[in-house]
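Values in this text are rule-based calculations from the coordinates and carry no lab data. Computed from a prediction, not measured in an experiment: that's the story for all the values here. In this analysis, Cβ positions are derived from the backbone assuming ideal geometry, glycine residues included, and neighbour counts consider all displayed protein chains.
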Amino acid sequence: MRTDSPQTIYRKDYTPPSFLVDSVELGFDLDPARTVVASRIHMRHNPASTSRSIELHGEHIELVQVRLNGKLLKPSQYKLTAGMLTIPKAPDDVLLEIETVLAPQDNTSLSGLYVSNHNFFTQCEAEGFRRITFFPDRPDVMARYTVMLRADKDKYPVLLSNGNLIEEGDLGDGRHYAKWEDPFKKPSYLFALVAARLVCQEEHYRLKSGREVLLQVWVEEGNLDKTDYAMQSLKNSIRWDEERFGLELDLDRFMIVAVGDFNMGAMENKGLNIFNTKYVLANSRVATDVDYAGIEAVVGHEYFHNWTGNRVTCRDWFQLSLKEGLTVFRDQEFSADMIGTDTGRAVTRIDQVRTLRQAQFPEDAGPMAHPVRPDSFVEINNFYTVTIYEKGAEVVRMYQTLVGRDGFRKGMDLYFARHDGQAVQCDDFRAAMADANGRDFSQFERWYSQAGTPVVTASTRYDAASQTFELTLAQSCPATPGQPKKLPFHIPVTVGLLAADGRDLPLHVDGVASNGATSVVLELTEASQTFRFTQVGEVPVPSLLRDFSAPVVLEYDYTDAQLLHLFRHDSDPVNRWEAGQRLAMERLLKLTGAVAAGEPLVLDETFIAAQRALLADDTLDPAFRELALILPSETIIAERMAQVDPQAIHAARQFMRTTIAAALKPELLAQYHANQTPGEYSPDALSAGKRALKNLALSYLLIAPGAAELDLARLQFDNAGNMTDRAAALAALIHSGSQPHAQAALTSFYADFENEALVVDKWFAMQAAAPTTDVQAVRQLMAHPAFTLKNPNRARSLIFNFTNGNPSQFHAVDGSGYAFWAEQVIALDALNPQVAARLARSMDRWRRYVPALQSHMRDALEQVAGQASLSNDVMEVVSKALAN
Ligand code: TRP
Ligand code: ZN
């Protein structure tokens, strides 16, 4: 057991920095074993601070010397504690010259300066800069940077940093140098350098204003044939931000660099974005449609940060969602606009809803629940969460729902007019949206301060005599850690009413400007409110929370008939999909109960008929049909149960899939053939949608396969012209339960792709998530020569996909999955605490499980918590899980 308790940091304790930094010059002598960093920091006292002490963060680095205004400081003139160098009683104007030494090759945390495949990279968000040199490493200290890099020329021919290259040359001794200058002031978390053997695809690109910029995508030599899509996505992002938000690239040069060892998706360092290879490298041979979509979204995301994050940044890390929620919203809108069609847009929206339910709602209901703007944390790295990102994006989206697209643009314009070059708070964004639109968003603040997923309960009353329809909406929000009571939220609820013929009724709502429109945004602000629709000539079926207008759980006592009506006719595709999910969920919950009680399982013909009709409805986008046919995941079903029995859920869902597969076999086969995409591969949304529907059909056909179905999958596997189809066929074979077929395909797949790290990740991931893979099999896979815990992508592919993607095996009744989890958390923690803490989160919901599993889970959690040396990262997660 760790005896010290880690420190909690509170938002209310914020104090302004004592000294501001005008400019900093950094010199690097790069060597994997011993890198020397020299800094010259030009500082001045901050009149807003009463303190005269200079506080410089520093961790895992050795201080060689420090000079203040030219004078070498004696150890008695400063204080060096774990994490902080303090210089008391400093004068108004200060030049600090500091020399530090570090060993990048020993840095397995991938935070700060580290080595990956013999190359140097940095990752400074959130607090990695302090692992490079002593500095006020907080986002409200913004400075101008000049960087001199020196390194061996053969080993590191490419030397990059933020901004513009102003000088480069030889040093004579086999070493060379490059000097970079960033014209914009920035917080330290946006600093980056790369010293590496890399090659690039580059292009001169003309902005709308006529200015020409240089775009580069840097990768390892063998990967130059996988950079086209990232480059195309970058150009699309630049164009989109000009058109939708009037925001132009402010640099003459913009670089993306891919690295194989990376903790997250990518990083928006000013002018030098560093990316996980997963979000850069793609060609049809190695990348799936989902990979292509991920690249477009992440390239967009990091590029959009240049304004929302970099030009306007966060005052402190409690404001993280200010940049992340907003930038996720922007990348979501970008991806939707790139598809361009209404159903395409809806498909992206449905995907967002699925992510929220799969990951954010559980987080909001568990021990790590926190508001979009948290009040405290132990380790900031644990707060790069689905709540900050995805719920944060929902909060931003609600402004747009409330004020419209044009109003939202006005709010953005005002935000930049007021805050360009500043480090600000979520409240400043809210104020800009309110002021630009003449709206009162004071109650809206609760979306930032209150955790938990609100529940909106709807009830209705139709009065034929007066032709009125009353909709009562009541809201509540469950208690979350530290927040027992919640106040009402300001919730936009978009509503439509369907007639018996399936058409939308024109809407007239008392006190709401609706003018006969077919959808209206109702604003729920009280605990309970009744809205009166008039001129309603028949009993309507209400379509509530259209386009998922707020991140809430909506409860309404729909009858099966009403849901089937919505599933067939709703003009809002998101709610059409939602009706199908409700129909499926009701049945899945009943079936799960039946499994647990040992009762016979049955699936009604009505449901099957609805699925049949949808599958064959060629007027509908294939991508939409695919989404509407996928059943709610085991995780989403589990969230709906008071006591979770993962085996029963798995059996119930399997029964439903098997029954659908058997009943719809001819239709599935017909769709399989109708949605082929012959010819050259293209990742466009229509082709990707066809492949998705076709491959869903294939997976159903392979549930209880005969020889013909196995042949079909084998044929697709052998002849696939792209990775989407090849991987789907392999997955179908793995899930078919036919071991010989699965093994043969796995072996040939590995042989074909063993030199493609990202494909080897898929090979591990698919096996990890197969319900036939038990803990023992995972352990065997860990012994495979290609497996390593040190590479986060590889660790995630096998271990996380098992703990998070294979519930029936992870939750094995003997607790062996949990013992395995504890072992891996502990092993990972010694290497990379950020990644270990993410794995630790797999046990968040342990109190929801059946008692037999709970006790095994508690044992495993206590085993981790009892370790003598545990990072703050893992400590925070497991101690919150165990707390009452
Ligand atoms: N700001 C990054 C983003 O675009 C997140 C990120 C990248 C990050 N690497 C990180 C956060 C390492 C914490 C630690 O979302
Ligand atoms: Zn981001």
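Structural remarks
- Cβ-based net charge around Gln809, under 13 Å, with every Lys or Arg adding one and every Asp or Glu removing one: -2
- Per-residue Cβ neighbour rank within 10 angstrom, fewest leading, Thr86, Thr480, Thr50: Thr50, Thr86, Thr480
- Put the Cα centre of the range 1-75 next to the Cα centre of the range 93-139 and the gap is 12 Å.
- Span from the the range 298-330 Cα centroid across to the the range 505-545 one, whole angstrom: 35 Å
- Residue exposure sequence - Thr534, Thr327 - by fewest surrounding Cβ within 10 Å: Thr534, Thr327
- Residues Ile734, Ile339, ranked from the fewest to the most other C-beta atoms within 10 Å, line up as Ile339, Ile734.
- DSSP-loop GluC sites (Glu not before Pro) across the range 631-722, with at most 12 other Cβ within 10 angstrom: Glu680
- Cα-based Kirkwood hydrodynamic radius, the chain, one decimal, Å: 29.0 Å
- Here the gap between His60 and Ala597, fully extended at 0.36 nm per residue and compared with their Cα-Cα distance, gives a gain of 187.7 nm.
- Overall form of the range 633-704 per C-alpha gyration tensor (a/c, 1.5; a/b vs b/c): oblate
- Violating pairs (Cα-Cα greater than 23 angstrom) within the set Lys235/Lys278; Lys690/Lys762; Lys208/Lys410; Lys323/Lys410; Lys153/Lys790: Lys153/Lys790
- Cα gyration tensor shape for the range 9-196, rounded if a/c is under 1.5, else prolate or oblate: prolate
- Euclidean distance between Cα centres, the range 256-280 to the range 633-698, Å: 32 Å
- Listed by chain and number, the lysines placed with their C-alpha closer than 16 angstrom to that of Lys79 are Lys89; residues fewer than eight positions away on the same chain are left out.
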